[in-house]
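The values are calculated or read from the model by the stated rules, or taken from the named source; none is laboratory data. All values reported here derive from a predicted model rather than from experimental measurement. Every residue, glycine as well, gets a Cβ built from its backbone with ideal geometry; the counts of neighbours run over all protein chains shown.
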Amino acid sequence: MAGPLTESVPERELRHARSPLVIRPICPIGPRPHRYNRGVPTPRCDCEGVCDGNAFLHELNALFCAAVRAGHEEAFLQRALVLAMRAVGGDRAFLALVEQSTGDLVVVNTAGLGWTPETARLRLSLVHESARGITGHVVLTAEPYRAGDVTKDPHYIEYFRDVRSEIAAPISGTSGQSVGVINVESVHYERFTDEHEHRLAAISHATAAALRVQGFRARESALIEIGNNLTTTLDIQTLMQKVLAVAADVLRFEDCTVFLLDEMTDLLVLTASGGGLAERLGEAPYKVGDGITGWVAAHGEAVRLIEPRLDPRWRGLCVEFPENEIGALLAVPIVGRNRVLGVLRVVRRKSPTAWFSPAFSEGEERVLNTIGRQLGAAVENVRSYERLISAERMAAWGELSARAAHMIGNRTFALKGDLNELNYLLSQKPCEEIRAEVVDLSASMFRGVERLEEILREFRDFVVATQITLAPCDLNAVVRETLSETFPKRSSVALSLDLDEGLPELRCDARKLKRAFGELVENAVTFQPDGGALDVRTFVLSAAERADGRLGQSREYVGIEFADAGPGIVAEHKDRVFMPFYTTRAKGMGLGLSIVKGIVEAHQGVVREVGAPGEGARFVVCLPASEVASPTAAT
Amino acid sequence: MAHILVVDDEEEVRASLKRRLKREGYTVTTAESAADAAGTISGAAEGFDAVVTDMCMEEADSGLEVLRHALARDLFTEVIVLTAYGNVANAVESMRRGAFDYLEKNVPGVDTYEVLVMKVSQALERRRAAIRTVRRLEERASRQGAAT
């Protein structure tokens with residue numbers, strides 16, 4: 001059995017453990033009780049040396065070192081278990097952790113004789129007294145336990161037929177309760193001594209330390225991830241769902257709900273749900289001050305309760321699951337710079353057994369408070385960004401309406417001129433004589449009306465450019481559809497397409513993107529009246545390209561390039577082309593590229609013109625991918 | 001016959017104005033910007049009798065620029081300024097600087113072209129009167145000069 005077990009312990013660690021400084025073990029004369037085994041052949045010691053005190057101390061030291069080092073979390077548990085089995089001279093061992101929502105003990109690591117994939121999937125119910133066994137007993141009492149003769153032990157449940165004696169030590173969690181157990185068995189009676197109990201306790205402390213460090217590390221990276229999302233996510237809904245997902249990684253809870261305060265009405269609007277209230281998003285079940293959630297919003301303080309139903313503030317207006325099933329509630333305010341912006345609430349079901357309290361700990365309250373504050377900063381960030389955008393657009397509005405009035409006025413004036421001429425002709429000459437002139441006038445008036453409609457369309461598109469609805473979308477499909485709708489069927493412009501089929505998933509507004517891409521295609525065609533080329537390409541931006549475009553490295557970006565062989569854009573106009581009312585064409589109001597910019601920026605992307613003047617225009621649109629880039633891709 | 005310069009950045013507007021004024025028998029030249037108008041004015045054999053110019057072209061007050069060039073060339077050229085939407089401040093400024101009148105392009109229920117034709121005719125009348133007055137003054141001055 002030694003072969004497969006040592007495999008899971010990193011080879012480097014073993015070498016370290018067997019460095020020349022180690023005092024060589026004096027096995028097989030390790031500590032072993034013989035009193036009860038008279039007449040029974042002395043078993044061969046398979047401790048591989050660690051039953052020697054010095055060697056054990058050395059291994060234990062290495063184990064503690066590993067416990068506080070990052071990485072190898074799974075390997076650590078296996079290493080601890082193997083050491084435990086050897087240190088107490090056992091034949092078989094397992095490590096089980098408590099799954100608090102079900103009250104089950106789940107075996108996560110095994111070592112020693114006789115395990116099969118089936119037996120290694122052992123689950124012990126802590127809820128049912130009859131199914132707990134010694135292991136369950138240890139978890140519930142949080143005390144170590146030794147059985148010299150399992151056949152006479154009141155707690156023992158037979159699982160392997162050859163077991164004669166057993167020793168188990170609890171792994172304790174942050175608030176003193178057990179989160180798991182290390183269990184070692186022997187095929188000999190009275191195999192384990194006080195010394196073994198101390199050794200096992202030491203190993204279980206190391207394991208507890210490792211699990212805690214792991215927990216802290218998970219919290220740390222979760223908080224960092226939330227922090228990262230704050231600056232890169234500018235859509236409140238997406239941000240909330242991300243935060244809920246991250247929070248679920250670090251805080252055990254059955255459901256989580258976010259309410260944001262609508263300051264106009266003083267109502268708490270259900271903004272995100274971990275599941276239970278997903279159907280009711282958008283509802284406003286609480287007024288500030290109503291129920292526990294409303295109390296948190298009104299006072300800006302956290303509330304941490306067991307059996308929240310018994311609290312006088314409880315109203316039960318909006319609950320994640322039937323209120324008699326809610327065992328504990330933790331609600332923290334989402335705080336902005338100087339006021340409460342909402343409430344973040346997590347709940348746990350009642351525990352299946354009286355042994356486990358569903359109560360949230362003070363530490364968990366601190367973590368959720370931190371998340372609440374980060375969320376507050378994020379919400380303010382999003383809102384101030386929205387305000388900034390709307391301020392910019394408001395400034396554009398003044399000019400936009402003046403320009404629109406001017407252009408509409410001019411078109412109407414020209415139409416009036418045509419009507420004036422028409423009336424003159426009709427009053428002066430017989431119909432037959434003026435036929436040709438009337439046809440000309442009609443064509444001119446038709447053009448006039450068309451121009452008016454173009455203006456209206458641009459006006460509308462400009463206004464709604466930033467109002468987008470995000471949904472997962474296949475960018476290459478959007479590009480293809482745009483080209484089939486916009487690129488003329490018969491054109492002297494040669495179209496070439498180079499689409500990267502391995503693009504990451506994107507969330508975007510396909511209809512709006514088509515409008516933006518369509519504008520760029522139309523531009524390319526218009527500026528090459530005597531033929532030319534349009535090369536359309538999609539690609540994933542490299543880290544260097546992201547750095548070039550000052551795009552931030554925390555997420556992936558997809559690029560869409562439209563390159564033509566037209567006159568291009570001179571250097572001093574490169575920035576101006578995206579400003580409203582820039583045009584070198586008579587058509588419309590010159591809002592085309594500013595509409596493109598509006599749509600792209602609403603997707604948190606950027607659009608640039610990077611062509612060399614005289615060599616054609618090259619527009620590159622960069623859109624962020626949905627998910628945060630993997631750390632390897634980002635560095 | 002009177003020679004009129006029409007200045008507007010919109011091709012359709014220029015065409016409509018030119019057509020209507022030609023119907024009255026005027027000779028019409030067009031320009032599409034203040035800069036274009038300045039060139040046309042300085043390049044013409046003699047000053048235009050009247051200039052009809054849009055106010056807002058390259059700049060919001062391009063009409064003032066046209067006015068300045070027209071009066072620099074011939075003090076008695078009559079300038080009528082058109083505005084696409086009532087920008088009274090600029091229009092008043094143009095009057096202060098010697099424009100004959102200003103006219104809003106879009107007034108509900110008003111056929112602006114007929115109003116314009118009327119104003120152009122009044123403007124030309126004033127120009128003629130002004131030129132007559134100047135001639136008389138010149139003649140009197142030369143007679144007095146001859147007498148002394």
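Selection within segment A:399-408: residues that are without any contact (Cβ under 8 Å) to a residue 60 or more places away in the chain and buried (at least 19 other Cβ atoms within 10 Å of the Cβ). The member of this set that is nearest to the other protein chains (Cβ to nearest Cβ) is A:His406. In the set A:Arg387, A:Arg348, only one residue is more than 14 Å from chain B (Cβ to nearest Cβ), basic (Lys, Arg) and under 24 Å from the mean Cα position of the chain (by Cα); that residue is A:Arg348. Looking only at segment A:212-242, residues that are buried (at least 21 other Cβ atoms within 10 Å of the Cβ) and at pLDDT 80 or above come to 1 in all.
Among the residues that make up segment A:259-279, is at least one of them more than 19 Å from the chain's Cα centre (by Cα) and among the polar types (S, T, N, Q)? Yes: segment A:259-279 contains one or more residues that are more than 19 Å from the chain's Cα centre (by Cα) and among the polar types (S, T, N, Q). Exactly one residue out of A:Pro333, A:Pro285 is buried (at least 19 other Cβ atoms within 10 Å of the Cβ) and within 24 Å of the chain's Cα centre (by Cα), and it is A:Pro333.
When segment B:100-113 is filtered for residues that are surrounded by fewer than 17 Cβ atoms within 10 Å (Cβ to Cβ) and at the interface with chain A (Cβ under 7 Å from one of its Cβ atoms), only B:Asp111 remains.
Would a scan of segment A:391-398 turn up a residue that is within 14 Å of chain B (Cβ to nearest Cβ) and modelled with pLDDT under 85? Quick ask: steps written out before the conclusion?
The first filter runs over segment A:391-398 and keeps only residues within 14 Å of chain B (Cβ to nearest Cβ), leaving A:398.
Checking which are modelled with pLDDT under 85 leaves us with A:398.
Scanning segment A:391-398 turns up at least one residue that is within 14 Å of chain B (Cβ to nearest Cβ) and modelled with pLDDT under 85.
Here A:Leu341 meets the list (1) of a type in the set (A, V, I, L, M); (2) part of a strand (DSSP E or B); (3) within 14 Å of another protein chain (Cβ to nearest Cβ) almost entirely, failing just condition (3).
If you scan segment A:470-486, which residues turn out to be surrounded by 13 or more Cβ atoms within 10 Å (Cβ to Cβ), within 23 Å of A:Gly566 (Cβ to Cβ) and either out of contact with any Asp or Glu (no Cβ under 9 Å at 6 or more places or on another chain) or at pLDDT 90 or above (or both)? Spell out the reasoning first.
Narrowing segment A:470-486 to residues surrounded by 13 or more Cβ atoms within 10 Å (Cβ to Cβ): A:470, A:473-476, A:478-483, A:486.
Cutting the leftovers down to within 23 Å of A:Gly566 (Cβ to Cβ) gives us A:479-480, A:482-483, A:486.
Across segment A:470-486, the qualifying residues are A:Val479, A:Arg480, A:Thr482, A:Leu483.
Scanning segment B:1-18 for residues that are out of contact with any helix residue (DSSP H, G or I) (no Cβ under 6 Å at 6 or more places or on another chain) and either charged (D, E, K, R) or facing another protein chain (nearest Cβ under 8 Å) (or both) gives B:Asp9, B:Glu11, B:Arg14, B:Ala15, B:Leu17, B:Lys18.
Exactly one residue among B:Ala99, B:Ala91 is free of Cβ contacts under 8 Å to residues at least 60 places away in the same chain and assigned to a helix (DSSP H, G or I), and that residue is B:Ala91.
Residue-level check: of (1) closer than 26 Å to A:Gln237 by Cα; (2) modelled with pLDDT of 90 or more, A:Glu556 misses just (2).
Checking A:Thr151, A:Thr174 one by one, the residue that is under 30 Å from A:Glu362 (Cα atoms), surrounded by fewer than 19 Cβ atoms within 10 Å (Cβ to Cβ) and among the hydroxyl-bearing types (Ser, Thr, Tyr) is A:Thr174 and no other. Selection of strands (runs of 3 or more DSSP E) fully inside segment A:74-140 by the criterion of at least 2 residues being over 33 Å from the mean Cα position of the chain (by Cα) and either at pLDDT 85 or above or over 24 Å from A:Arg212 (Cβ atoms) (or both) returns A:92-99, A:104-112.
Give me the residue from segment B:88-109 that is among the polar types (S, T, N, Q) and closer than 19 Å to B:Ala37 by Cβ and, out of that set, modelled with the highest pLDDT.
Just the residues of segment B:88-109 that are among the polar types (S, T, N, Q), to begin with: B:90, B:94, B:106.
Still in the list and also closer than 19 Å to B:Ala37 by Cβ: B:90, B:94.
Values: B:Asn90: 82, B:Ser94: 90.
Among residues in segment B:88-109 that are among the polar types (S, T, N, Q) and closer than 19 Å to B:Ala37 by Cβ, the one modelled with the highest pLDDT is B:Ser94.
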